[in-house]
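First up is the structure itself, then whatever we jot down about it.
The values are calculated or read from the model by the stated rules, or taken from the named source; none is laboratory data. Everything quoted here is computed from the prediction, not taken from an experiment. Methodologically, a virtual Cβ is constructed for each residue, glycine included, from the backbone with ideal geometry; neighbour enumeration extends over all protein chains shown.
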Amino acid sequence: MKEALLHYLWKFRKLGNAATSQSLLTTSNENIEIINPGIHNQLSGPDFFNAQIRINEQLWAGNVEIHISSSDWYVHSHEQDSAFSNVILHVVWEADCEVYDISNQPIPTLELKNIIDTQLLANYQKLLESRNYKFINCEADFANVSEIILQNWLERIYFERLERKVKEVERLLKLQTGDWEAVLFAMLARNFGTVVNADAFEELAISIPFKIIRKLAGSKNQLEAVFLGVSGLLNTIGQFDAQTESWIKDFTFNRGKFDLKGSLHHSIQFFKLRPLNFPTIRLSQLAALYEKHTTIFALINKAKTREELQALFNIATSTYWETHYNFNKIHSKRLKKLTPAFVDLLIINSIIPVKFAYAKAQGISIEDDLLDLITSLPNEKNSIVSGFYGLKPLNFNAMNTQAFIELKKKYCDLNRCLACQIGNSILNKS
């Protein structure tokens, strides 16, 4: 038995038929009626605050503490802690002793072990105690989960994931002193860097004041020279040609003029990257984006559809990179534009979080618009999405796949089945 299950049973009143009648009894045979189980406390102190419970004919308002055994009260020294002085009920799996508070007053105790539905306990044991699964705890039952439960839960945890990304936007907003254009630039830069160079690209974006980005964006190739210089990539050139010499000259001038860095704390990586994701290519495309749209934040805020956003990101590298992936290595000429799939990732990871955070800051609700946008994007392809698809083939879109990533990392991998609507539906099946 685990306390997490006891918390669940109390919070959702899963106390057999007793929870709906007057037949719950304390260990002293006093009638218990649960008016309100209280607010679940995830921090220190009693497990549930502000509960309302009628014991016999007396209505009590206060806190509830939950343990496996009554004696755990003393193991945790609650009898000496004033934070537990307002506990009105001690809920335990097994009552093995009398319990007294700091004033040496007895605390009513509810024992659960004989009043919990045996099928629920069997489902719990199967769900959380079996270790025969390959992917997630509930994989044997996942295919039978109701479509309504599944879709409602996926939408909810998609917004949980989005809220976490919004916190990152808010961190950047504070760092950039309220400049939303600078925040968007940092978010886009991070995602242009892909997973491998995300930290380095964000550092680059933050290290260059956005007012300098605005100034340089109007002069062709100046922005690209600064990106390549601040990243330290210009220091890796072996043999110089006309273009690389021009970049070095431009960066040297702008570095002195604007007091820019010449390297980053995070090193730029090429290892294990596909050539189209090389930092040289992505920095050139990022520079091209801001040369094309110096005020892209307003354009992104106005755009509502995938098609409108894809059009904004219809950009390619500078001419030099049409025949290079890295310095000094020439290949046949090839236009290197942002692919629709890459732009979709920018929409998911940069644009939607920024749009949502900005709307929240303005007191505007755009959840429906964002749902329309995210569900218009095709599903992502990764091992997590493939794992869920193997359990229950669905009509996937980007909202579902983002939700499944959140579900796997923040619920399944942490065994938080009791906090998951899918887990709850399996736990309570007859």
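Keeping to the stretch 386-427, report how many residues are free of Cβ contacts under 8 Å to residues at least 60 places away in the same chain and either under 22 Å from Ile351 (Cα atoms) or among the small types (Gly, Ala, Ser) (or both). Total satisfying the criteria: 6. Is it the case that Leu43 is over 18 Å from Thr26 (Cα atoms) and assigned to a helix (DSSP H, G or I)? Answer is no for this residue. Across the stretch 46-71, the number of residues qualifying as in a strand (DSSP E or B), over 35 Å from the mean Cα position of the chain (by Cα) and of a type outside the set (Gly, Ala, Ser) comes to 6.
Among the candidates Ile157, Ile149, Ile116, the residue that is in contact with a helix residue (DSSP H, G or I) (Cβ under 7 Å, 6 or more places away or on another chain) and outside any helix (DSSP H, G or I) is uniquely Ile116. Taking (1) of a type in the set (Asp, Glu); (2) under 23 Å from Ser318 (Cβ atoms); (3) free of Cβ contacts under 8 Å to residues at least 60 places away in the same chain in turn, Glu181 satisfies each apart from (3).
Of the helices (runs of 4 or more DSSP H) entirely within the stretch 176-227, those holding at least 3 residues that are assigned by TED's automatic domain parsing to the domain that holds Ile315 and of a type in the set (Lys, Arg) occupy 210-217. Among the residues of the stretch 125-134, is any over 30 Å from Thr375 (Cβ atoms), outside the structural domain of Arg214 (by TED's automatic domain parsing) and of a type in the set (Gly, Ala, Ser)? Checking the stretch 125-134: at least one residue is over 30 Å from Thr375 (Cβ atoms), outside the structural domain of Arg214 (by TED's automatic domain parsing) and of a type in the set (Gly, Ala, Ser).
When His324, His331 are checked against the criterion of being surrounded by 15 or more Cβ atoms within 10 Å (Cβ to Cβ), without any contact (Cβ under 8 Å) to a residue 60 or more places away in the chain, of a type outside the set (Phe, Trp, Tyr) and assigned by TED's automatic domain parsing to the domain that holds Ala189, a single residue qualifies: His324.
Whenever a residue of the stretch 108-120 is closer than 10 Å to Leu24 by Cα, its partners that are of a type in the set (Gly, Ala, Ser) and modelled with pLDDT under 90, lying with C-beta atoms within less than 9 angstrom and at least six residues away or across chains, give the pairs Ile115/Gly16; Ile115/Ala18; Ile115/Ala19; Ile115/Ser23. Hey, can you tell me all the residues within the stretch 314-352 that are among the aromatic types (Phe, Trp, Tyr) and either over 18 Å from Ala288 (Cα atoms) or in contact with an Asp or Glu (Cβ under 8 Å, 6 or more places away or on another chain) (or both)? Phe327 - this is the single residue of the stretch 314-352 that is among the aromatic types (Phe, Trp, Tyr) and either over 18 Å from Ala288 (Cα atoms) or in contact with an Asp or Glu (Cβ under 8 Å, 6 or more places away or on another chain) (or both). Checked against (1) at pLDDT 95 or above; (2) part of a loop (DSSP other than H, G, I, E, B); (3) not acidic (Asp, Glu), Tyr74 passes all but condition (2). Looking at Glu163, Glu139, Glu168, just one residue is surrounded by 12 or more Cβ atoms within 10 Å (Cβ to Cβ), in contact with a Phe, Trp or Tyr (Cβ under 6 Å, 6 or more places away or on another chain) and within 30 Å of Asn349 (Cβ to Cβ), and that residue is Glu139. If the condition is being at pLDDT 95 or above and among the polar types (S, T, N, Q), then the stretch 87-115 contributes only Thr109. If I filter the stretch 298-308 for residues that are within 20 Å of Glu224 (Cα to Cα) and either surrounded by 18 or more Cβ atoms within 10 Å (Cβ to Cβ) or under 32 Å from the mean Cα position of the chain (by Cα) (or both), do I get at least one hit? Checked against the condition, which is being within 20 Å of Glu224 (Cα to Cα) and either surrounded by 18 or more Cβ atoms within 10 Å (Cβ to Cβ) or under 32 Å from the mean Cα position of the chain (by Cα) (or both), the stretch 298-308 yields no hits at all.
Taken together, Leu260, Leu283, Leu312, Leu264 contain a single residue that is in contact with a Ser or Thr (Cβ under 7 Å, 6 or more places away or on another chain), under 19 Å from Gly218 (Cβ atoms) and in contact (Cβ under 8 Å) with a residue 12 or more places away in the chain, which is Leu283. Per the listing Ser85, Ser44, Ser69, the residue uniquely exposed (fewer than 13 other Cβ atoms within 10 Å of the Cβ) and touching a residue at least 12 places away in the same chain (Cβ under 8 Å) is Ser44. If you go through the stretch 235-252 and keep only what is modelled with pLDDT of 95 or more and surrounded by 13 or more Cβ atoms within 10 Å (Cβ to Cβ), you end up with Gln243, Thr244, Ser246, Trp247, Ile248, Asp250, Phe251, Thr252.
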